[in-house]
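Working notes, structure below.
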Amino acid sequence: MVFSKLIDDLILETTSLSLPWFSAELCLSGTIVLMLLLRLLSVDRWVPAYLIGVLGAFAALFCSWQQFAELSQAPPASTEPLVTFTGLLVQDQFSVYFRAFLALFLLLTIALTALTGIPDHEDGPDFYSLLFGATIGMMIMASANNLLMLFIGVEMASVPSYAMVGFLKGRKASSEAALKYVVYGAGAAGVMIYGISLLAGVLGTGDMSLLSERLSLAAAGGSGGLADPEVRTAALAVMLIMVGLAFKLSLVPFHFWCPDAFEGASAEVAGFLSVASKAGAFALLVRLCLALSGGVGTEGLMLAFGIALGVVACVTATFGNLAAYNQSNLKRLLAYSTIAHAGYMLMAVSAMLVMQNSGRAADFAPEIDMSIEGLLYYLAVYLFMNLGAFAVVALARNYTFSEELDSFKGLIGQAPVLCIAMMICVFSLVGLPPFGGFFAKFMIFAAALKAGQAHWFMYVVVAFGGLNTVLSLFYYIRILKTMFLDPRPEGARKVSLPLFSLEGSYVLALSLFVLMLGILPSITTGLSNTARTAAQSIVQK
């Protein structure tokens, strides 16, 4: 009788609460099934299928945001995050922001692949099924409330990515890159699942909302530092989990897969991995860090963890920028650029942890929100500027059949729209005003500078961030020099891309968004306010 009631309650909770909030993922899952059925029935007209799925996911997420906006006007008790699927997932404006971000990026990636012709009609359903599946995994990462879902989300995002990297048939470089990606990914996954089992075993729970409380209990009666065996084991477990997240974020020293995978994969897939995987992994990293913070007696341990993330951020940004200098392949150069930008974004997480565990979290409350807000704003700008850069590479490749930097020499005379779009994206990647990347970096550096009042090392982090911004200018300018100043080699394939073509309009639209996010106060303020609302929903619990 008790078991029957338990089942009835589970079904009621799933159908009445969990599934409605999970509707965006259900739309994408249904689209995968529909595309595979169309493939089975040999129907080539599969374009409307994924468009309906993505637009349905957008509509569902828009409704979710509106519901949270209405709940925020109610009594404070109703602003608590909604826990779904018996505690496995959590729904708040932070998760809605990231899921909407991923849905938008999925739509833009699909548009790019439709314009470039990769994949072809025969392989389209398979490719888009992998693309949708990876996006669902990243959405789960953004909503994870349990260590089990942390692992499932990471693996759901990773496994389709392996296949997409090796999707170009008959290309040795693509197959080799996919194999390297699989080997590194399997190793990182093994280390991460061991860390998860270790952390759940020591703390006695996989519920991320209870990690801080259980960590405080483990530290009770001792120093709360690494001298306590349970705390030491928990700290080791967190480090092992961080291996998996660092792999997804391509942080040093777990970045080895990134340049090879980006060079071997198509530019469309490289662009997807450079943005989407970062978004899902950073959402999960922020959730995990906040879940471990705020405990009694563990502030020193988490402060040290925040400083360690700052060290990793400095090393990652520096290595990415220095390694990009001598690259001749543009995709590989942008891969190292992606590594460097992961370092910049990690500075925001480091600043958040340092201020959260400084013993004066209440005094730093606005700045803690600002650090997460800066990360969310940075990701939004990064979506357009990085995808724009990879789109230029993909569109030019269709004419030159090369992705080497030399194939872009003198392109200004044949395809000025590509050169202008690349110039806007590159200046934004550097962080020059008045482009969107300047304000994104400014917000992160401002949060890190404020965190310097909690610990002096954050001033060092800010200094490294500024130095790396200057270093990055040299190799980014080399791209523009090649496209604008170098003469077009004799016998080079002609790139004919009119301004008002679909391809030209696409890259121009992406670059204009980058520009508008820097010069239009209404758009900048609107995005900043949205990011702040999402940040406050996860911090103030």
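The values are calculated or read from the model by the stated rules, or taken from the named source; none is laboratory data. Keep in mind that what you see is a predicted model, and the values were worked out from it rather than measured. Cβ atoms come from the backbone with ideal geometry, glycine included; neighbour counts cover every protein chain shown.
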(request) Could you identify the single residue in Ala463, Ala492 that is assigned to a helix (DSSP H, G or I) and hydrophobic (A, V, I, L, M, F, W, C)? (result) Ala463
(request) Among the residues of segment 524-541, write down those that are at pLDDT below 85 and in a helix (DSSP H, G or I). (result) Val539
(request) Determine which single condition Leu395 fails, assuming it passes every other condition in (1) assigned to a loop (DSSP other than H, G, I, E, B); (2) modelled with pLDDT of 90 or more. (result) (1)
(request) Enumerate the pairs (first residue in segment 260-281 and within 25 Å of Met149 (Cβ to Cβ) and touching a residue at least 40 places away in the same chain (Cβ under 8 Å); second residue anywhere and crowded, with 24+ Cβ neighbours inside 10 Å and among the basic types (Lys, Arg)) with beta-carbon separation below 6 Å, excluding pairs fewer than 6 apart on the same chain, so at least 6 apart or on different chains. (result) Ser277/Lys248; Ala281/Lys248
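Yes or no, residue by residue, for (1) touching a helix residue (DSSP H, G or I) at 6+ places or on another chain (Cβ under 7 Å); (2) surrounded by 14 or more Cβ atoms within 10 Å (Cβ to Cβ):
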{"site": "Asp486", "(1), (2)": "no, yes"}
{"site": "Glu490", "(1), (2)": "no, no"}
{"site": "Val495", "(1), (2)": "yes, yes"}
{"site": "Leu508", "(1), (2)": "yes, yes"}
{"site": "Val514", "(1), (2)": "yes, yes"}
{"site": "Gly526", "(1), (2)": "no, no"}
(message) If I go through segment 441-470 residue by residue, how many of them are at pLDDT below 90 and under 24 Å from the mean Cα position of the chain (by Cα)?
(response) 0
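This table checks each residue for (1) of a type in the set (Val, Ile, Thr); (2) under 17 Å from Ala304 (Cβ atoms); (3) without any contact (Cβ under 8 Å) to a residue 24 or more places away in the chain.
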{"residue": "Arg171", "(1), (2), (3)": "no, no, no"}
{"residue": "Ser175", "(1), (2), (3)": "no, no, no"}
{"residue": "Ile193", "(1), (2), (3)": "yes, no, no"}
{"residue": "Ala219", "(1), (2), (3)": "no, yes, no"}
{"residue": "Ala234", "(1), (2), (3)": "no, yes, no"}
{"residue": "Ser250", "(1), (2), (3)": "no, no, no"}
(request) Restrict the check to segment 161-171 and report whether at least one residue is in contact with a Leu (Cβ under 6 Å, 6 or more places away or on another chain) and surrounded by fewer than 21 Cβ atoms within 10 Å (Cβ to Cβ). (result) yes
(message) Residue under question is Ala265, and the condition is that it be crowded, with 22+ Cβ neighbours inside 10 Å, touching a Phe, Trp or Tyr at 6+ places or on another chain (Cβ under 7 Å) and farther than 30 Å from Ala362 by Cα; does it hold?
(response) no
(request) Mind counting the residues in segment 344-373 that are farther than 18 Å from Leu288 by Cα, in a helix (DSSP H, G or I) and either touching a Pro at 6+ places or on another chain (Cβ under 7 Å) or of a type in the set (Gly, Ala, Ser) (or both)? (result) 1
